[in-house]
Amino acid sequence: MDLYAENILDHARRPHGKTLLKNPTAERREINASCGDDLTVQLQVKNDIVTKVGWMGAGCAISQAAMSMLSDELVGKTIKEVEALKPKAVLELLNVNVGPRRLKCALLCLHAVKNARRAMEGMKPQSWAETMNGDQ
Amino acid sequence: MLDLPAIRRQFPALNQQVNGNPLVYLDNAATTQKPHVVLDAMTHFYERDNANPHRGMHPLAERATEAFEHARATVTRFIHAPRQEEVIFTKNATESINIVARGLAAKWGKGDAIAISLLEHHSNLVPWLMLREEKGFEIRWIDTDPEGHLDLHSLDEILKDGAVRLIPVTALSNVLGNRPPLEAIIERAHGAGALVLVDAAQSIAHHEMNVTTLGCDFLAFSGHKLFGPTGIGILWGRGNLLNKLPPLLGGGMMMEDVCSDSFVAAEIPTRFEGGTPPVAEVVGLGAAIEWFSKYSWKDIEAHEARLLSLVMQELSGVSGLKMYGPQNITERSGSVIFTVDGVHAHDLAHLLGERGICLRAGNHCAKLLHERLGLLATTRLSVALYNTEEEIRTVAPAIRDICKKLRGS
């Protein structure tokens, strides 16, 4: 299946939730240095539930589309559910065959969200290896 | 004139299809494809001459040693080095640079400095950043303009107080495609008591490097960018300087003498060739240089200049596309980087790849340079002698198509 399917391109051209929040509870910036994807994710959390997601950044269509889709998904999830989110979940949202070359592009959003949660709880950020191996 | 079809027939990798399209390999700054004589030489070595060089008395060891040292002689001639023992086999240019960096910096501290510019590839930046942490010497940045021209006045200022010990400098930028004025830099450096290390990784397959006339003190390059195999690099240095550098790897062959409580390092070249070297790769590199030397620099440079001129012509016809580096085509060599409005380099490179057009996207191991240019990611096209004008002409139409698809008409 074409990686640049219409749903991907739609989200990339008109991303959902791509604004910054006034009072985010958590914020985290992550960069894919090797290919030039830059994402800042914000979460607003009330009573352990994600009420709003904001984000900003520049990057390839895959990273933008994935973040756009994930931002829709996150609203209403509990922090525990965010903690348990696996790479598979993001890939299912994209619903295309991502392939090893673009895996990091697709999962940059997840990596940023995971580390936004960690920042909120005063924890050290997790490594890419931890984000990528989340399915194990 | 280069016989392109005859040259291309010698490269097995060039003759393949991607999704029904002929391969258009334009990522030569990353690595080059190999002619079958190189592959044959390596296979032949393993099939007939394989032994550990300098370490045996039998016929295979003799042939292996001969093949090994013959390759060293080939490299010596290729870079016009005065003495064969000054040519050291390493793993790649990065290792070559690290040997010089560790070796020289062993004697440096506060009060010493190096002069370097943002043009440099990470392999010629990171070793110095690493050692600065350890040794406390200063890194002084030579100003460059957005086209990559080094500001020689800036360099003069930096050299004034005599604290600069070394200038590591690229012979050809893998990003902007410009060539720093090495003679002028070396003259200034030597006048101020500084040495010069030339990173020839990019230039080695495009322009003749003559270490004798150039006057540099060290030179580094990688075999895989010169139609040779991966896993082999070259460090050339003035004998008297190399013999003063501490060896990087302690092991077999690199000692003059060893006792239970001490050892004496050998002189060059074995000083820096501890352990069994990548013999087949050395043989492959020798074969690559011998193959490459059949073509005149005049023909190669003329052909590549024509290709780059066509690249600039074609790409300037793509709306929203911006190229970086010298405006003046005669100052350009090797690579051209560009951005396209509203289209990320990564998406462009991916979709070009699906059509068989191989470019590179990202910061090309030159993050600082990209930051200086205010860019996050660019797409890079880089040529070699086997590329054709026909190949170049496939790029712009493909980019236009892809932009339409990504932007949505």
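Give the residue, chosen from A:124, A:114, that is assigned to a loop (DSSP other than H, G, I, E, B) and out of contact with any Cys (no Cβ under 6 Å at 6 or more places or on another chain).
Working: A:114 fails: assigned to a loop (DSSP other than H, G, I, E, B).
The unique qualifying residue is A:124.
This table checks each residue for (1) in contact (Cβ under 8 Å) with a residue 60 or more places away in the chain; (2) of a type outside the set (S, T, N, Q); (3) closer than 17 Å to residue B:397 by Cα.
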| site | (1), (2), (3) |
| --- | --- |
| B:311 | yes, yes, yes |
| B:324 | yes, yes, no |
| B:343 | yes, yes, yes |
| B:356 | yes, yes, yes |
| B:362 | no, yes, no |
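Is at least one residue of the range B:286-303 within 23 Å of residue B:93 (Cα to Cα), modelled with pLDDT under 95 and not assigned by TED's automatic domain parsing to the domain that holds residue B:370? No; the residues of the range B:286-303 include none that is within 23 Å of residue B:93 (Cα to Cα), modelled with pLDDT under 95 and not assigned by TED's automatic domain parsing to the domain that holds residue B:370. Filtering the range B:19-38 for residues that are modelled with pLDDT of 95 or more, farther than 30 Å from residue A:2 by Cβ and surrounded by fewer than 19 Cβ atoms within 10 Å (Cβ to Cβ) leaves a non-empty set.
For the range B:359-396, taking the residues that are part of a strand (DSSP E or B) and hydrophobic (A, V, I, L, M, F, W, C), the one that is nearest to the other protein chains (Cβ to nearest Cβ) is identified as B:361. The set of residues in the range B:315-341 being out of contact with any strand residue (DSSP E or B) (no Cβ under 9 Å at 6 or more places or on another chain) and within 28 Å of residue B:144 (Cβ to Cβ) consists of B:326, B:327, B:328, B:329, B:330, B:331, B:332, B:333.
Answer yes if at least one residue in the range A:43-57 is hydrophobic (A, V, I, L, M, F, W, C) and within 14 Å of chain B (Cβ to nearest Cβ), and no otherwise. Walk me through it before giving the result.
Of all residues in the range A:43-57, those hydrophobic (A, V, I, L, M, F, W, C) come to A:43, A:45, A:49-50, A:53, A:55-56.
Of the ones still in play, those that are also within 14 Å of chain B (Cβ to nearest Cβ) are A:56.
Scanning the range A:43-57 turns up at least one residue that is hydrophobic (A, V, I, L, M, F, W, C) and within 14 Å of chain B (Cβ to nearest Cβ).
Please specify each residue of the range A:33-52 satisfying the condition of being touching a strand residue (DSSP E or B) at 6+ places or on another chain (Cβ under 8 Å), without any contact (Cβ under 8 Å) to a residue 60 or more places away in the chain and of a type in the set (A, V, I, L, M, F, W, C). Matches in the range A:33-52: A:49, A:50.
Listed residues A:81, A:73, A:130, A:92; which is assigned to a helix (DSSP H, G or I), among the charged types (D, E, K, R) and within 22 Å of residue A:33 (Cα to Cα)? Walk me through how you get there before you give the answer.
Details: A:81 fails: within 22 Å of residue A:33 (Cα to Cα); A:73 fails: within 22 Å of residue A:33 (Cα to Cα); A:92 fails: within 22 Å of residue A:33 (Cα to Cα).
None of the others qualify; the one that does is A:130.
Inspect all residues belonging to the range B:383-394 and state whether any of them is without any contact (Cβ under 8 Å) to a residue 40 or more places away in the chain and within 22 Å of the chain's Cα centre (by Cα). Looking for residues that are without any contact (Cβ under 8 Å) to a residue 40 or more places away in the chain and within 22 Å of the chain's Cα centre (by Cα), one finds none in the range B:383-394, hence no. No other residue among A:16, A:11 is in a helix (DSSP H, G or I) and not aliphatic (A, V, I, L, M) apart from A:11. One residue alone among B:279, B:264, B:283 is in contact with a His (Cβ under 9 Å, 6 or more places away or on another chain) and either surrounded by 20 or more Cβ atoms within 10 Å (Cβ to Cβ) or farther than 29 Å from residue B:227 by Cα (or both), and that residue is B:283.
Quick one: is residue A:70 away from chain B (no Cβ under 14 Å), in contact with a helix residue (DSSP H, G or I) (Cβ under 6 Å, 6 or more places away or on another chain) and of a type in the set (A, V, I, L, M)?
On the way: away from chain B (no Cβ under 14 Å): yes; in contact with a helix residue (DSSP H, G or I) (Cβ under 6 Å, 6 or more places away or on another chain): yes; of a type in the set (A, V, I, L, M): yes.
Yes, satisfied.
Residue by residue, here is whether (1) at pLDDT 95 or above; (2) buried (at least 24 other Cβ atoms within 10 Å of the Cβ) holds:
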| position | (1), (2) |
| --- | --- |
| B:176 | no, yes |
| B:179 | yes, no |
| B:195 | yes, no |
| B:218 | yes, yes |
| B:221 | yes, yes |
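Which is surrounded by fewer than 19 Cβ atoms within 10 Å (Cβ to Cβ), at pLDDT 95 or above and closer than 23 Å to residue A:63 by Cβ, of B:342, B:353? One residue alone meets the criteria, B:353.
For the range B:92-127, a residue qualifies if it is surrounded by fewer than 19 Cβ atoms within 10 Å (Cβ to Cβ) and touching a strand residue (DSSP E or B) at 6+ places or on another chain (Cβ under 7 Å), and exactly one does: B:112. Return the residues of the range A:27-37 that are buried (at least 18 other Cβ atoms within 10 Å of the Cβ), within 14 Å of chain B (Cβ to nearest Cβ) and either part of a strand (DSSP E or B) or at negative phi (or both); say none if nothing qualifies. Passing the criteria: A:30, A:32, A:35, A:37.
Is it the case that some residue within the range B:76-98 is of a type in the set (Lys, Arg) and assigned to a loop (DSSP other than H, G, I, E, B)?
Applying the first criterion (of a type in the set (Lys, Arg)) to the range B:76-98 yields B:77, B:83, B:91.
Then keep just the ones that are assigned to a loop (DSSP other than H, G, I, E, B); that gives B:83, B:91.
Within the range B:76-98, one or more residues are of a type in the set (Lys, Arg) and assigned to a loop (DSSP other than H, G, I, E, B).
The values are calculated or read from the model by the stated rules, or taken from the named source; none is laboratory data. Fair warning: this is a prediction, and the values are worked out from it, not measured in the lab. Methodologically, a virtual Cβ is constructed for each residue, glycine included, from the backbone with ideal geometry; neighbour enumeration extends over all protein chains shown.
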